[in-house]
Amino acid sequence: MASGKDKLLSQYRMMYLIRRFEEESARAYAMGKVGGFLHLYIGQEAIAVGTCEVLNDTDYVFQTYRDHGTALARGMTPTAAMAELMGKDIGCSKGLGGSMHFFDVEHNFLGGYGIIGGHVALAAGAAYKSKYTGDGAVTVCFFGEGSTNIGGFHEGLSLAGLWKLPVVFICENNQYAMGTPMSRTSPLEDLTLKAQGYGMHGDRIKGHDVAVVESHVGQAVERARKGGGPTFIEIETYRFRGHSMSDPAKYRTRAELEERKKQDPCAIAKARLLEGGVSQEEIDALEEAVEAEVENAVETADAAEPAKVENMWSTVYAPSSAAEDYVANYGKHFGGGR
């Protein structure tokens, strides 16, 4: 088992990787190399890293459209992630999903989702599969505070609580549902009070310290794995950029942003490493290695082939032979296949 210093070094490396990946994603977007929407995870890195630290390879992870950081923390390569943003064939979704629809079966990262709150019910379904088959897996589902007002959120939590499913629901409360502060969207300040309505445990923490996130999520994951049922965790965090690249974030003051940056999770982890005896030279070497990894990802993705048309059609229509078999075997029930 890694020592405390070694573990924090590993966690800081991943947090710094996410930070630099997102910054280079923004740069690529500004250069016109990334199309569509781009939602950055800058400021929230400790949540993804602390959570993935306590998961097994066989556990399942669902995320919203702000999915790059969680996908990287789960094991996706920066090249597969950057290529997806650029619409390239070597991307994690063959260049067809873009920023909001990362997917990585190998690491059980079962998607970023663009429909607010819609994936919560899907996560409950994955957890139901685990309980039904007894595979021992735990499902973790991330969403923003805006999702807690959506039907899919209530449906998913209701069934999870009723059936004691092995799932952990994590609300990344980054203070603004797009550009609207929570005070204007929720009658509750403490969202974990909603957990009581679904018969599950509730927990509320701040998300700028990766060790705190790891500890609290770890307890919830262990509870779920041992049959203790689901947990709803509200993690207070803050995104340093706008909702997306098209959002100038004028709904908040510069003073508010600067105050929040004092709780930068990357800076906190780095300071703790220095306090723990890690040298600045060692940290510099780690950061340089990350810089090289991200630079390579950008260059490789930029040079890769674009998404292929044949891949797009293969995921829209069933193969003709399959369609013919369906008509022959089942179509007769609906007036076909005569």
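The values are calculated or read from the model by the stated rules, or taken from the named source; none is laboratory data. Computed from a prediction, not measured in an experiment: that's the story for all the values here. Methodologically, a virtual Cβ is constructed for each residue, glycine included, from the backbone with ideal geometry; neighbour enumeration extends over all protein chains shown.
Regarding Glu281, is this residue under 21 Å from the mean Cα position of the chain (by Cα), farther than 30 Å from Leu96 by Cα and in the same structural domain as Gly199 (by TED's automatic domain parsing)? Judged against the criteria, Glu281 is not a match. Somewhere in segment 290-300, is a residue assigned to a loop (DSSP other than H, G, I, E, B) and assigned by TED's automatic domain parsing to the domain that holds Thr148? The answer is no, given that none of the residues of segment 290-300 is assigned to a loop (DSSP other than H, G, I, E, B) and assigned by TED's automatic domain parsing to the domain that holds Thr148. Scanning segment 150-167 for residues that are out of contact with any strand residue (DSSP E or B) (no Cβ under 8 Å at 6 or more places or on another chain) and not aliphatic (A, V, I, L, M) yields Gly151, Gly152, His154, Glu155, Ser158, Gly161, Trp163, Lys164.
None of Leu85, Leu110, Leu72 is aliphatic (A, V, I, L, M) and more than 17 Å from Leu40 (Cβ to Cβ) except Leu110. The residues in segment 15-61 that are of a type in the set (A, V, I, L, M, F, W, C), assigned to a helix (DSSP H, G or I) and buried (at least 21 other Cβ atoms within 10 Å of the Cβ) can be counted, and the count is 9.
When we screen Glu45, Glu53 for residues that are within 13 Å of the chain's Cα centre (by Cα) and charged (D, E, K, R), the only hit is Glu45.
Lys5 falls short on exactly one of the conditions (1) of a type in the set (D, E, K, R); (2) more than 29 Å from Ile150 (Cα to Cα); (3) outside any loop (DSSP other than H, G, I, E, B); (4) at pLDDT 95 or above, and that condition is (4).
In the condition set (1) crowded, with 17+ Cβ neighbours inside 10 Å; (2) outside the structural domain of Ser93 (by TED's automatic domain parsing), Thr315 is compliant with all but (1). Being in the same structural domain as Phe153 (by TED's automatic domain parsing) and touching a Leu at 6+ places or on another chain (Cβ under 6 Å) is true for just one of Glu222, Glu275, Glu234, Glu259. Which residue is that? Just one listed residue meets the conditions, Glu234. For segment 85-125, taking the residues that are part of a helix (DSSP H, G or I) and either without any contact (Cβ under 8 Å) to a residue 24 or more places away in the chain or surrounded by fewer than 24 Cβ atoms within 10 Å (Cβ to Cβ) (or both), the one that is farthest from the chain's Cα centre (by Cα) is identified as Gly125.
Do any helices (runs of 4 or more DSSP H) entirely within segment 169-260 hold 2 or more residues that are within 23 Å of the chain's Cα centre (by Cα) and buried (at least 18 other Cβ atoms within 10 Å of the Cβ), and if so, which?
Counting at least 2 such residues, we get 193-196, 210-225.
For segment 286-312, the set of residues classified as exposed (fewer than 11 other Cβ atoms within 10 Å of the Cβ) and farther than 17 Å from Pro78 by Cα consists of Val309, Glu310, listed by residue number.
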